[in-house]
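Each reported figure results from applying straightforward, stated rules to the coordinates on display, with no laboratory input. This one's a predicted model, so the numbers in the text were calculated from it and none came from an experiment. No Cβ is skipped: glycine too gets one built from the backbone with ideal geometry, and neighbour counts run over all protein chains shown.
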Amino acid sequence: MKKCAVCKIVAILAGIGALNWGLVALLNFNLVTTILGDMTMPTKIVYTLVGISGLLTLICLFKSCPACSK
């Protein structure tokens with residue numbers, strides 16, 4: 001099944017979030033805060049985008065993406 005650009009971006013962001021949480025759990029290392037600083041505006045933006053991506057990924061488990069259906 002072909003995925004649209006939005007779905008690809010959402011999947012990449014959700015994957016980045018999952019990898020970061022894996023690093024935090026296994027190595028006590030937060031890559032996002034290491035690169036962008038502790039709770040700076042760019043860090044908050046990344047966390048917000050990852051959170052939205054995770055939500056959209058969960059929604060796509062039950063409902064197909066309108067952009068992909070076209």
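Please determine, in degrees from 0 to 90 and to the nearest 10, the orientation of helix 5-27 with respect to the longest principal axis defined by the Cα atoms of the chain, where the helix direction is its Cα long axis.
30
Could you give the nm distance between label points at Ser64 and Asn28, where each point is 7 Å from its Cα heading toward the beta carbon?
Roughly 4.8 nm, to one decimal.
What's the extension gain from Ile35 to Ile12 if we count 0.36 nm per residue and subtract their Cα-Cα distance?
That pair, Ile35 and Ile12, stretches by 6.5 nm at full extension.
So what are the three principal axis dimensions of the chain from its Cα atoms, in whole Å, longest to shortest?
41, 26, 17
For Lys63, go through the lysines and keep the ones whose alpha-carbon is under 25 Å away, minus same-chain ones fewer than eight residues off.
Lys2, Lys3, Lys8
Working from Cα positions, state the angle (0 to 90°, nearest 10) between the long axis of helix 41-62 and the longest principal axis of the chain.
40
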